[in-house]
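Structure first, then comments.
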Amino acid sequence: MRSSVSTCTSAPFRVWKTALCWLGAVFLAAGQGRAADPTAEQQYMLELTNRFRSDPQNELARLVNFSSPGVWDSPKSDDAYIATALNFFGTSAVDLAAQFSILSAAPPVAWSSALNVSATAYSNLMVTNDQQSHTLDGLSLANRIQNGGYSANWLELGENLFANTETIIHGHAGFVIDWGDGNGASAGYGNGIQNPAGHRDVLLDSLFKEVGIGFQSIAIPGGNTSVVGPYVVTQHFGTQFRFDGASYFADAILTGSVYEDTLAADLFYTPGEGLGGVAVNVYEDVSGILVASGFSNSAGGFNIALTGLTDGVVYRVEAPDTGLAAQTFTLTAHSEIYGPSVTFYDNVYSSFMVVPEPGGVLLCLVAALCGLASRKRSSPAPLS
């Protein structure tokens, strides 16, 4: 089966749409999708996405095995599902390594409940129609996402689909590697990487600020042959703008998670480790004025709007009552043209890893906060 990547332009706003197809999944299961807090598995996919955006080259190294740059090791991946996909499509190690060598980091994306609504609804639609396609509802991507409650004041929209995701890490790897038919209408799969690598491009688009990850919330019929899960995944990406009467802004969001690293002990978020109800406050560092605050959600994630905050100012983020030292950050600003100029303030990411102290009941928290660099997007060539 051949997957399709399509791009379209609607001045002054730009829309990206991409799809992922993978043959061979045979298991049936029902997933979860919620309109408010993400589930632990949705938060996990969000964390994986932001890890990739922060360091594309090291993410590839986590997902696949090279004996030397551009040479497959055996197995090609420590994950059996990923290795199977790479073997099925005959993915070229040389081309994959070359493509990743020129990738740039992007700021993190924050969870959007409205995008989760539209993404979950579309995953359910793929289940009902037993078809992976961007056109099942006959709507434009803008109408589809706005029907889920996302603001009409959007600047960027994007969509990734993967109807036969075996596990969260398998689906994540599929979008990152973008395995599939790289040979167009010709026989075979070419280098086994979709051309262009549209899913990867969407994941690394520095202009996206928010994402909703929707798994199907209905049972997959036993008679389905094309959409069989176990996870039917739709990712909806977006960016909103704010107008203050004179200028346009895309404000920053502080996103991240609070988790107890006891299940996997791998210094990374794992479903079941998230801690909800943890307060996170942001202050102007010099004046001490509280400028934003929030709490971690039931999955351990947090997404705090930094509306009106600007560059050139040092801010600090604290988790009260934890004893954790404050972290500081400054915002990165850049202008993007959408007809009028829009001032973008890049999102920032923070994680709080809670580790039980040996022999005691007290908790110590290890925190990491980073503001990630941005890059300008160039549109990929459409498939012929």
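The values are calculated or read from the model by the stated rules, or taken from the named source; none is laboratory data. Here the structure is a predicted model, which is why all the values come from computation and not from measurement. Neighbour counts run over all protein chains shown; Cβ positions are idealised from the backbone, glycine included. To get the accessible areas, we keep the full protein, side chains included, count just its heavy atoms, and leave off ligands, DNA and RNA. Shrake-Rupley method; radii C 1.70, N 1.55, O 1.52, S 1.80 Å.
What Kirkwood radius, in Å to one decimal, follows from the Cα pairs of region 96-187? Before the final figure, lay out the partial values.
Details: mean 1/r = 0.0640 Å⁻¹.
One decimal place: 15.6 Å for the Kirkwood radius.
Probe of 1.4 angstrom, ligands and nucleic acids ignored: what's the accessible area per residue over region 128-196, in square angstrom? Write out the running numbers ahead of the final one.
Working: 2190 Å² over 69 residues.
Dividing the accessible area of region 128-196 by its residue count gives 32 Å².
Whenever you get a sec, compute what percent of the accessible area on region 228-357 sits on carbon and sulfur atoms (1.4 Å probe).
Numbers: 2620 of 5050 Å².
It is 52 percent, rounded to a whole number.
Work out from phi, with θ = phi - 60° and the Karplus expression 6.51 cos²θ - 1.76 cosθ + 1.60, the ³J(HN,Hα) of each residue of region 264-278, listed in order in whole Hz, and give x for Gly and Pro.
9, 6, 10, 6, 8, 4, 10, x, x, 9, x, 10, x, x, 8
Regarding region 49-123, what are the three Cα extents along the principal axes, ordered largest first, in Å?
Projected onto its principal axes, the Cα set of region 49-123 covers 43, 26, 18 Å.
Please work out the Cα center distance from region 251-287 to region 290-343, rounded to the nearest Å.
13
Just to be sure I follow: if Rg is taken over the C-alpha atoms of region 126-280 and Rh is the Kirkwood radius over the same atoms, what is Rg/Rh?
On the Cα set of region 126-280, Rg over Rh gives 1.01.
When ranked by the protection proxy of mean other Cβ atoms within 10 Å per residue, highest first, what sequence do the peptides 342-354, 147-159, 210-222 form? Before the final figure, lay out each step's value.
On the way: 342-354: 23.1, 147-159: 18.8, 210-222: 21.5.
Put in order of decreasing packing, that is 342-354, 210-222, 147-159.
If I histogram all Cα-Cα distances within region 227-288 using bins 5 Å wide from 0, what percent of pairs lands in each bin?
3, 10, 11, 11, 16, 19, 13, 8, 5, 3, 1, 0
So what's region 225-332 giving for Cα Rg divided by 2.2 N^0.38 Å, two decimals? Intermediate values should be presented prior to the final figure.
On the way: Rg = 17.6 Å, N = 108, 2.2 N^0.38 = 13.0 Å.
In units of the 2.2 N^0.38 Å rule of thumb, it is 1.35.
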